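Input: a single structure, listed below in structure tokens.
The values are calculated or read from the model by the stated rules, or taken from the named source; none is laboratory data. It should be emphasised that the depicted structure is a prediction, and the values quoted were computed from it without experimental measurement. Here Cβ is always computed from backbone atoms with ideal geometry, including for glycine, and neighbour counts include all displayed protein chains.
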Amino acid sequence: MQHIEAGDVAWVLLCTVLVLLMTIPGLALFYAGMVRKKNMLAIMMQSFSLCAVMTVVWMVAGYSLAFTDGNPWIGDLSRLFLNGLAEKWDQPFTLGAGTANAQPTAIPESVFLMFQMAFAIITPAVVTGSCADRMKFSAMLVFFILWSLLIYAPLAHWVWSATGWLATLGVADFAGGTVVEINCGITGLVCALVLGKRLGYGQENMAPWNLSYAVIGACLLWVGWMGFNAGGAMGANARAGMAVLVTQIAAAGATMTWTLAEWLLRGKPSVLGAISGAVAGLVAITPAAGFVLPGPALAIGLAAGVVCFWMSTTVKGWFGYDDSLDAFGVHGIAGMLGMLATGWFAFGPLSATKDAPAGTAIGGLHLLGIQGTAVLATIAFCGIGSWILLMITDALVGLRVTNDEEREGLDIVLHGEQLF
């Protein structure tokens, strides 16, 4: 008989708070420390505002489009404004109840939807790093409201809903390699390309103005990521414990390899490199956290540090795009790496169920093929969809501030405030 477990409720609520902590203050500080001083308040305002706006969007329609049964591509409208939540508010929630892939839990639906809301908040906030220093505040709000409903919610349905087409295909994405990481990385790249480069990019000094802020933000992200990954277990159980362990190991491995690569190639290990490496490892282990053991987790982290260092410092220079704070180079690339690595390294018993005692995700060529399909589908959907939504936003309110406004700084131009 399914019933609510107090320990599971407490654990998922804690994980929800940790994920919210990743956006405000974690990501807000992380990004604020890496932009120029004249744009620091503006980038923090974006994270803070998105926390509020995405909350309302998720309540009104996002949750319904993502997690009701609907069809393989998108949910239905039965939970608009969280309609019907009061009917079984104090009973255990089953995702996809009555379907072939029903997933029972020991937590109420309010806790499940709040945990998922925290993901819907941080994903667009990460994208703002790619368009830092030049996007209108009004454009940012319009674009991400549309994007949350038309890109994020359908993708979450594909992967995490009981009826989504990638879920029924057997994709293994524990905490958002596709829904969060590849999604925000590809969206960020498209934003950077459509908006164009910052004025003076490549000629002026655009070094981070206050790395101490960025380090504090990175520390909050590292700690918060424990809830981000382990909350996917939907309870206080052994799988959650393994997710916490492998998350820590992967982050440590990527920090070491990014730092070492920079030390060998540039003569000194930088603080910015170390914190960027940590985030790369955390991103790469995100889809794998509930599916792999510590050894593969270390391998994933070590690889992520090197690959993301190369993408962010070398490949970006080859192609000349201005991904301001490397949302694509870190989140997009490490998300792809983590998804494919999960396909090879997934340890079956971690995903075992009563109906599938050998596990629902077993590493090998079959799962690797499914993971590759999910990666390619995510890239295509997010890339094309984000471009279309940017064109719509541009037609409605315009995307970019004027050259004079950009030179003056977004803090004073958009918000009438500045640091002295």
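Of all the listed residues (Phe112, Phe30), the sole one being touching a Gly at 6+ places or on another chain (Cβ under 8 Å), in a helix (DSSP H, G or I), touching a residue at least 40 places away in the same chain (Cβ under 8 Å) and of a type outside the set (S, T, N, Q) is Phe30.
How many of the residues making up region 172-223 are hydrophobic (A, V, I, L, M, F, W, C) and not in a helix (DSSP H, G or I)?
Within region 172-223, the subset hydrophobic (A, V, I, L, M, F, W, C) is 172, 174-175, 179-180, 182, 184, 186, 189-195, 199, 206-207, 209, 211, 214-216, 218-223.
Remaining after also requiring not in a helix (DSSP H, G or I): 172, 174-175, 199, 206-207, 209.
Matching residues across region 172-223 total 7.
With Ile74, Ile24 as the choices, which residue is assigned to a loop (DSSP other than H, G, I, E, B), closer than 18 Å to Gln116 by Cβ and of a type in the set (A, V, I, L, M, F, W, C)?
Numbers: Ile24 fails: assigned to a loop (DSSP other than H, G, I, E, B).
Only one candidate qualifies: Ile74.
Answer with yes or no whether Val244 is under 23 Å from the mean Cα position of the chain (by Cα) and in contact (Cβ under 8 Å) with a residue 40 or more places away in the chain. So Val244 does not fit the description; no.
The number of residues in region 224-277 that are closer than 30 Å to Pro349 by Cβ and either hydroxyl-bearing (Ser, Thr, Tyr) or assigned to a loop (DSSP other than H, G, I, E, B) (or both) comes to 7. Selection of region 164-187 for residues being buried (at least 24 other Cβ atoms within 10 Å of the Cβ) and of a type outside the set (A, V, I, L, M, F, W, C) yields Gly164, Asp173, Gly176, Gly177, Thr178, Glu181, Asn183, Gly185, Thr187.
Take Trp158 and tell me if it is crowded, with 24+ Cβ neighbours inside 10 Å, farther than 24 Å from Gly329 by Cα and either in contact with a helix residue (DSSP H, G or I) (Cβ under 6 Å, 6 or more places away or on another chain) or of a type outside the set (Asp, Glu) (or both). Yes: the conditions hold for Trp158.
Take the conditions (1) buried (at least 21 other Cβ atoms within 10 Å of the Cβ); (2) without any contact (Cβ under 8 Å) to a residue 40 or more places away in the chain; (3) among the acidic types (Asp, Glu); Asp76 misses just one of them, which is (1). Considering (1) touching a residue at least 24 places away in the same chain (Cβ under 8 Å); (2) surrounded by fewer than 24 Cβ atoms within 10 Å (Cβ to Cβ), say which one Glu204 fails and leave the rest. The one condition Glu204 does not meet is (1).
Please verify whether Trp310 is at pLDDT 95 or above and surrounded by fewer than 18 Cβ atoms within 10 Å (Cβ to Cβ), treating the condition exactly as stated. Let's see the steps before the verdict.
On the way: at pLDDT 95 or above: yes; surrounded by fewer than 18 Cβ atoms within 10 Å (Cβ to Cβ): yes.
Yes: the conditions hold for Trp310.
Only one of these conditions is not met by Pro287: (1) over 20 Å from the mean Cα position of the chain (by Cα); (2) not in a helix (DSSP H, G or I). Which number is it? All conditions pass for Pro287, except number (1). Of the residues making up region 393-416, those that are free of Cβ contacts under 8 Å to residues at least 60 places away in the same chain and of a type in the set (Asp, Glu) number 2.
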